[in-house]
1. Take ILE369 and ASP86, extend 7 Å from each Cα along the Cα→Cβ direction, and tell me the distance between the two endpoints in nm.
2. Using only alpha carbon pairs under 8 Å that are at least six residues apart, calculate the relative contact order of the stretch 1-126 and give it in whole percent.
3. Sort ASP146, ASP218 from largest to smallest accessible area, using a 1.4 Å probe on the heavy atoms of the protein chains.
4. Are there GluC sites (Glu not before Pro) in the stretch 308-361 that DSSP marks as loop and that have at most 15 other Cβ atoms within 10 Å, and which are they?
5. Under 11 Å from the Cβ of ALA204, count the other residues' Cβ atoms, weight Lys and Arg +1, Asp and Glu -1, and hand me the total.
6. Would you calculate the separation in nanometres between label points at ASP12 and GLU199, each defined as 7 Å from the Cα along the Cα-to-beta-carbon direction?
7. Tell me, what is a quarter of the convex hull surface for the C-alpha atoms of the stretch 297-340, in nm² with one decimal?
8. Out of the GluC sites (Glu not before Pro) in the stretch 236-305, which ones are loop residues according to DSSP with at most 10 other C-beta atoms within 10 Å?
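The values are calculated or read from the model by the stated rules, or taken from the named source; none is laboratory data. Everything quoted here is computed from the prediction, not taken from an experiment. Every residue, glycine as well, gets a Cβ built from its backbone with ideal geometry; the counts of neighbours run over all protein chains shown. Side chains included, ligands, DNA and RNA excluded: accessible areas come from the protein's heavy atoms. Shrake-Rupley method; radii C 1.70, N 1.55, O 1.52, S 1.80 Å.
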Amino acid sequence: MDGQPEALIDLDAIKANVAALTRHVGGIPVMAVVKSDAYGHGLLPSAKAALAGGAAWLGVIQLADAIALRRAGLQCPIVSLHGSPDAPHGDAISQDIDLTAGTPALVRQIGAAAGLAGRPARLHLEADTGMGRGGAIEAQWPALVDAALTAEAAGLVRVVGLWSHLACADIADHPSIGQQIDAFSSAIALAERAGARPEVRHLANGPATLTLPDTYFDLVRPGGAVFGLSTLPGGVPEWLRPAMTLRAGLIQVKRVPSGTPVSYAHRYITDRETTLGVLPLGYNEGIPRHATNVAGLLAVRGRRVSIAGTVNLNHVVLDLGDDGAEAGDEVIVFGPGDSGEPTAQEWADRLGTISYEIVTRFTGKVPRIYSGVTGAGSDREHAVDGRSSGQVAAAH
Ligand SMILES: *Cc1c(COP(=O)(O)O)cnc(C)c1O
């Protein structure tokens, strides 16, 4: 290959993962969470692939993402899971995008926007049952419900959802899991006694969707699992497939003698005659600088090779040993793992992070090439409103 880094996105894997998750939960509707540019896989093509796999809902964080999906013609329920004051609520309401609120003040703001838009806002109330992030804690929940039902009675909102978010779903037997399920059940009971008639009650993120049936309620919200990723120890079950392969070609290869110092600060010195290869990927593109000198985390011609020395802004040097290699050889940074290449999970385990952080690092820096369900293409063809969903400016 010509050296240029690429993220290959397997849309069929995304589609198959959603279908497999739907089977796993026994047909409960799946909301595919496609926040953060679909975990770095590209918002619109990933969302379409998830719908092709049977996702009934789409979840995002930023309202702008929800609006982009609606403008692209997607008709399914879309919710912005991020209650935020002074967001363009009116646009969201007129585009039939579900909003969320965790405070009475935000309910009133959304209600006012709905009054101007001339139609009720579809609203999900967020209970903080132990995440300590958004939402109303137990003491604040009655006031939130009251504000929402008042706005509903005035025809300004329709309370379509009650939801909460788990903090420790990926930690086996964590005591907070049961406590959050109980707290959420109590919050639902209180809201329904007060007169709320939600369409959906939802709690489960991806790890919970995989391992905690008591959290399913009416709708599950997997994110990383849609892309074949998990925060569970040991990573994703083998029936889910990682959808991203990150690769680039070697731009130069050379033989060097033993004792050759390599890269900034000479943190690597060859201990034998060997072949060095230069890869055009550095920490600007998404290789963590902490990967300096990591052994065996990239694959060339089916064998594992090591990073020699410091990760640079746009380059790493690889120690390729004595096996043949030439400029243009494909280097796989991570992929689904079926040809023995490393996975994002393996990178995460080695660098002390989670696979989500590994795959999202390349967003906007490395162009994506899509294969599968919605047809081959690149960021350019899948641009949302003329704007590339990955904000990739460079030609590729
Ligand atoms: C990110 C997120 C999810 C999905 O989480 P995963 O761990 O990726 O499955 C679900 N719900 C909310 C509110 C989120 O923020």
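1. 4.4
2. Working: 194 pairs, mean separation 22.5, N = 126.
Across the stretch 1-126, relative contact order equals 18 percent.
3. ASP146, ASP218
4. Values: sites: GLU326, GLU330, GLU346, GLU357; in loops: GLU326.
Those satisfying the criteria are GLU326.
5. Numbers: positive: ARG201, ARG221; negative: ASP214, ASP218.
Charge balance near ALA204 sits at 0.
6. Label at ASP12, label at GLU199, 3.3 nm between them.
7. On the way: hull surface 13.8 nm².
Here the figure is 3.5 nm², rounded to one decimal.
8. Details: sites: GLU238, GLU273, GLU285; in loops: GLU238, GLU273, GLU285.
Answer in residue order: GLU238.
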